[in-house]
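Q: I'd like to ask some things about the structure below.
Readers should treat all values here as calculations from the given coordinates under stated rules, not as data from a laboratory. Fair warning: this is a prediction, and the values are worked out from it, not measured in the lab. For neighbour counting, all protein chains shown are included, and Cβ atoms are generated from backbone atoms with ideal geometry for every residue, glycine included.
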Amino acid sequence: MNTFKFKRKNVAWQWVVGSFAVIVGIVSIIKDIKGLVPLFIGFYLLIQDGIELDYKNKTYRRIKSLFGITIGKWQPLPEIEYISVFKTTETTTVWAASASANVSNAVVKVNLFYNTNQKIEIYDSKNEDDAFSKAKELAAILHVDILDATSGETKWL
């Protein structure tokens, strides 16, 4: 295996609203050019962000994916010093009409560190074991150590 690819999963409401908007856009575009608005909104909601590593060529790219089509510009992979696994909270603001609500979720993130404090966000999961599994896979390929920062006391693995 020469590549690692991670695409962030869309939440359920994005799939539902995005799919509905695409359908409305396709049906509406037959009658009026204004159908492009819901079509593009639907596409925007269905886009998945992620990252892809190519170990063989020592490159990486941040990707956007829609319906299996993936785009992103390849960049040289810097010399990775270590991999960090840590817990954090992600907050998403959801808008409905004129009201908004903040939804917070606990996640475990995996980052590649280089140049002392520069990072590349590579993976996130709600499951700690899953995050460590990916970190171990990457550490074996990149020949680096893992810093476990999931608890108050950090430790090297």
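Q: Please report, to two decimal places, log10 I(q)/I(0) for segment 78-157 at q = 0.14 Å⁻¹ as given by the Debye formula with identical point scatterers on the Cα atoms and no solvent.
A: Scattering profile of segment 78-157, log10 relative to I(0): -0.51.
Q: Then there's this: What nm distance separates the two modelled labels at Lys5 and Ile141, each placed 7 Å from Cα along Cα→Cβ?
A: 1.2
Q: With helices defined as uninterrupted DSSP H runs, which ones in the chain have an alpha carbon span along their own long axis of at least 18 Å and mean Kyte-Doolittle hydropathy of at least 1.0? Don't skip to the end; give the middle numbers.
A: On the way: long enough: 12-29 (25 Å, 1.84); 128-142 (21 Å, -0.03).
Correct list, ordered by number: 12-29.
Q: May I pose another question? Summing -39500 (n - 2.57) over the DSSP H runs of n ≥ 4 in the chain and dividing by its residue number, what mean residue ellipticity at 222 nm do you reach, to the nearest 500 deg cm²/dmol?
A: -9000 deg cm²/dmol
Q: From the residues Leu138, Leu53, Val24, which one has its Cα farthest along the dipole of the chain in the positive direction, the dipole being from +1 and -1 charges on Cβ of Lys/Arg and Asp/Glu about the Cα centre?
A: Toward the positive end, the furthest listed residue is Val24.
Q: Place a +1 charge on the Cβ of each Lys and Arg in the chain and a -1 charge on the Cβ of each Asp and Glu, then give the dipole magnitude about the Cα centre in debye, rounded to the nearest 20.
A: 580
Q: Follow-up. Taking every pair of distinct Cα atoms and averaging 1/r, then inverting, what Kirkwood hydrodynamic radius in Å comes out for segment 1-76? The partial results should precede the final answer.
A: Working: mean 1/r = 0.0727 Å⁻¹.
Taking every pair of different Cα atoms in segment 1-76, averaging 1/r and inverting gives 13.8 Å.
Q: Next up: Considering just Cα atoms, how many Å³ per residue does the convex hull of the chain enclose?
A: 144
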